[in-house]
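Below is one structure; the comments refer to it alone.
The values are calculated or read from the model by the stated rules, or taken from the named source; none is laboratory data. Treat the numbers as computed from the prediction; the structure is a model and nothing was measured. In this analysis, Cβ positions are derived from the backbone assuming ideal geometry, glycine residues included, and neighbour counts consider all displayed protein chains.
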Amino acid sequence: MNRKYRHTVIAGNWKMNQLNSGVKVFLEQLKENMPKARACDVVLCVPALMVPSMVRYGKDCRVAAGAQDVSKHEKGAYTGEISADMLADVGTRYCIVGHSERREYHAESDSLVNEKAKALLAKNIIPIICVGESLEQRENNLTMEYITYQVCAALSGIDAQQVRHCVIAYEPIWAIGTGKTASAEQAEEVCREIRAVIRRLYGARVARAVSILYGGSMNAGNAAELLSMPDIDGGLIGGASLKPADFASIVASASQD
Ligand code: PGA
């Protein structure tokens, strides 16, 4: 973390878990466990149906509401889709784009991820852009090449002013939901490279200001070490964000000096 230049962000990703009727109780329990002094932005990215509850009850414990996906279209005949305008209208502050589960199960391409990020920026919603290599790519030493490609593709046509409002999440696919965390050194190495890519594209000042998160089996036990790395500015947390005490403990790790 480097709080001098950028925000530390702890974002939960509930995926397709929990119920709207449980949001209030979850947040009450979270509040009880939260550290008194907090030095990071806390976000919960929830199914779109639960965003209004997250906005309403999240205020009390300073948790911002995030969504997990958005349509690339502005509006119109796109049955089942949810636009950035609709998300903004109910108070969504962040939205994940390009999560590996959407890339894999919904065939999302890099250009679609880019269009979705732009749709969000146009409505002042912070995109949390996910990138990450497969195990096969890592084993074939293709990690940096692939991550560089994904970052460049996701940011295509996004200007320097806008990129300051983007968050990048490095999530190695082999570490998501598997209990296998990247070591702090492995995670730092890739996050540092992501910052170097942003520096090449936008210059040093912008690169210094963009928050880069690590995601993939981050939990209460390993968060402090990962967050101690200079280029890891927070976490995108799946499983451990479903348990108020665990999630609060990660927030506490992100609040230490
Ligand atoms: P995990 O999920 O923490 O359960 O590995 C992370 C993510 O998919 O964002």
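Mind listing just one residue for me: the one in the stretch 226-238 that is within 11 Å of the ligand (Cβ to nearest atom) and surrounded by 24 or more Cβ atoms within 10 Å (Cβ to Cβ) and, of those, nearest to residue 211 (Cα to Cα)?
Applying the first criterion (within 11 Å of the ligand (Cβ to nearest atom)) to the stretch 226-238 yields 235-238.
Still in the running and surrounded by 24 or more Cβ atoms within 10 Å (Cβ to Cβ): 235-237.
On the way: 235: 10, 236: 12, 237: 15 Å.
Once the filter is applied, the top-ranked residue is 235.
Only one of (1) free of Cβ contacts under 8 Å to residues at least 60 places away in the same chain; (2) within 30 Å of residue 89 (Cβ to Cβ) is not met by residue 211, so which one is it?
(1)
A quick yes/no check of all residues on (1) at pLDDT below 95; (2) closer than 18 Å to residue 211 by Cα; (3) touching a Ser or Thr at 6+ places or on another chain (Cβ under 8 Å):
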site: 14; (1), (2), (3): no, no, yes
site: 19; (1), (2), (3): no, no, no
site: 41; (1), (2), (3): no, yes, yes
site: 80; (1), (2), (3): no, no, no
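Report the residue count in the stretch 74-104 for those that are among the charged types (D, E, K, R), under 19 Å from the mean Cα position of the chain (by Cα) and part of a loop (DSSP other than H, G, I, E, B). Before the answer, list the steps.
Just the residues of the stretch 74-104 that are among the charged types (D, E, K, R), to begin with: 74-75, 81, 85, 89, 93, 101-104.
The next check asks that each one be under 19 Å from the mean Cα position of the chain (by Cα); those that pass are 93, 101-104.
The next check asks that each one be part of a loop (DSSP other than H, G, I, E, B); those that pass are 93.
So the count comes out to 1.
Which of the following residues is within 15 Å of the chain's Cα centre (by Cα), within 11 Å of the ligand (Cβ to nearest atom), assigned to a loop (DSSP other than H, G, I, E, B) and not aromatic (Phe, Trp, Tyr): 241, 217? Step through it out loud before you land on a result.
Details: 241 fails: assigned to a loop (DSSP other than H, G, I, E, B).
Selected residue: 217, the only one of 241, 217 that is within 15 Å of the chain's Cα centre (by Cα), within 11 Å of the ligand (Cβ to nearest atom), assigned to a loop (DSSP other than H, G, I, E, B) and not aromatic (Phe, Trp, Tyr).
Of these, 63, 55, which one is among the β-branched types (Val, Ile, Thr), under 25 Å from residue 38 (Cβ atoms) and surrounded by fewer than 22 Cβ atoms within 10 Å (Cβ to Cβ)? Working first, answer last.
Values: 63 fails: surrounded by fewer than 22 Cβ atoms within 10 Å (Cβ to Cβ).
Of 63, 55, the one residue that is among the β-branched types (Val, Ile, Thr), under 25 Å from residue 38 (Cβ atoms) and surrounded by fewer than 22 Cβ atoms within 10 Å (Cβ to Cβ) is 55.
Just for the stretch 161-188: of the residues that are crowded, with 16+ Cβ neighbours inside 10 Å and of a type in the set (Asp, Glu), which one is farthest from the ligand (Cβ to nearest atom)?
That would be 188.
If the Cβ limit is 7 Å and pairs must be 6+ apart or interchain, which residue in the stretch 119-132 that is at negative phi pairs with which residue that is in a loop (DSSP other than H, G, I, E, B) and surrounded by fewer than 19 Cβ atoms within 10 Å (Cβ to Cβ)?
Once the first residue is at negative phi and sits in the stretch 119-132, its partners that are in a loop (DSSP other than H, G, I, E, B) and surrounded by fewer than 19 Cβ atoms within 10 Å (Cβ to Cβ) give 121/165; 126/165.
Looking at (1) within 16 Å of the ligand (Cβ to nearest atom); (2) modelled with pLDDT under 95, which one does residue 139 not meet, given that it meets all the others?
(1)
Run down 181, 148 and say which single residue is over 17 Å from residue 126 (Cα atoms), part of a loop (DSSP other than H, G, I, E, B) and either of a type in the set (S, T, N, Q) or over 19 Å from the mean Cα position of the chain (by Cα) (or both). Write out each step before concluding.
Working: 148 fails: part of a loop (DSSP other than H, G, I, E, B).
After applying the criteria, what remains is 181.
Can you find a residue in the stretch 201-209 that is within 16 Å of the ligand (Cβ to nearest atom) and either out of contact with any helix residue (DSSP H, G or I) (no Cβ under 6 Å at 6 or more places or on another chain) or of a type in the set (Asp, Glu) (or both)?
There is no residue in the stretch 201-209 that is within 16 Å of the ligand (Cβ to nearest atom) and either out of contact with any helix residue (DSSP H, G or I) (no Cβ under 6 Å at 6 or more places or on another chain) or of a type in the set (Asp, Glu) (or both).
Exactly one of these conditions fails for residue 158: (1) in a loop (DSSP other than H, G, I, E, B); (2) within 16 Å of the ligand (Cβ to nearest atom); (3) of a type in the set (A, V, I, L, M). Give me its number.
(2)
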